[in-house]
1. Between a residue in region 17-31 that is free of Cβ contacts under 8 Å to residues at least 12 places away in the same chain and any residue that is open to solvent by less than 30 Å² (accessible area, probe 1.4 Å) and not in a loop (DSSP other than H, G, I, E, B), which pairs come within a Cβ distance under 9 Å, given they are 6 or more apart or on different chains?
2. Kindly evaluate V72 against the criterion of being under 9 Å from the mean Cα position of the chain (by Cα) and of a type outside the set (F, W, Y).
3. Filter region 33-76 down to the residues that are farther than 21 Å from I18 by Cβ, part of a loop (DSSP other than H, G, I, E, B) and of a type in the set (G, A, S) and list them by number.
4. Exactly one of (1) charged (D, E, K, R); (2) in a helix (DSSP H, G or I); (3) closer than 17 Å to I8 by Cβ; (4) at pLDDT 90 or above is unmet by D29. Its number?
5. Quick one: would you say A79 is in a helix (DSSP H, G or I), open to solvent by less than 90 Å² (accessible area, probe 1.4 Å), closer than 16 Å to M13 by Cβ and not basic (K, R)?
6. For a quick check of your reading of the model, give me the residue pairs whose first member lies in region 48-75 and is in contact (Cβ under 8 Å) with a residue 60 or more places away in the chain, whose second is of a type in the set (D, E, K, R) and open to solvent by 30 Å² or more (accessible area, probe 1.4 Å), with beta-carbon atoms closer than 7 Å and at least 6 apart or on different chains.
7. Give V51, V72 a once-over and let me know the one that is of a type in the set (V, I, T) and in contact with a His (Cβ under 9 Å, 6 or more places away or on another chain).
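The values are calculated or read from the model by the stated rules, or taken from the named source; none is laboratory data. Please read these numbers as outputs of a predicted model, since none were measured by experiment. Heads up, the Cβs are rebuilt from the backbone with ideal geometry, glycines too, and the neighbour counts pull from every protein chain shown. The area values use the complete protein model at the heavy-atom level, side chains included, leaving out ligands, DNA and RNA. Shrake-Rupley method; radii C 1.70, N 1.55, O 1.52, S 1.80 Å.
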Amino acid sequence: MAISSDEIRDFVMQALTIMEVDLAEIHEDGTLGPAGADLDSLVLAELVVRVEEQYDIKFTSDEMELMGALTVREFCDLAVEREHVARG
């Protein structure tokens, strides 16, 4: 069964809560990095790993380098794309 961007967004918000990130600064159209949510590289890396493990997907190294510039929506959409690739 394919995952939806909304499902991933809900998981991301739960993961950030567990990671004790203030969700008041997290907006669907705000970037994950310094220009938006201001997640530092370690928090962002942990979030990516949690999403990869939860949905059995893998982001490319090129995608990883751009994570901070993605909006929450773009990150969730990218995870859906990775899931589609993983299912083949």
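1. Within 9 Å, the pairs are D22/L16; L23/L16.
2. On the way: under 9 Å from the mean Cα position of the chain (by Cα): yes; of a type outside the set (F, W, Y): yes.
Taking the combined requirement at face value, the residue satisfies it.
3. Within region 33-76, A35 is the sole residue that qualifies.
4. If we test D29 against (1) charged (D, E, K, R); (2) in a helix (DSSP H, G or I); (3) closer than 17 Å to I8 by Cβ; (4) at pLDDT 90 or above, just (2) comes out false.
5. Values: in a helix (DSSP H, G or I): yes; open to solvent by less than 90 Å² (accessible area, probe 1.4 Å): yes; closer than 16 Å to M13 by Cβ: yes; not basic (K, R): yes.
Yes; evaluated as a whole, the condition is true for this residue.
6. So the pair list comes out as V72/R9; V72/E28; R73/E28; R73/D29.
7. On the way: V51 fails: in contact with a His (Cβ under 9 Å, 6 or more places away or on another chain).
None of the other options fit; the residue is V72.
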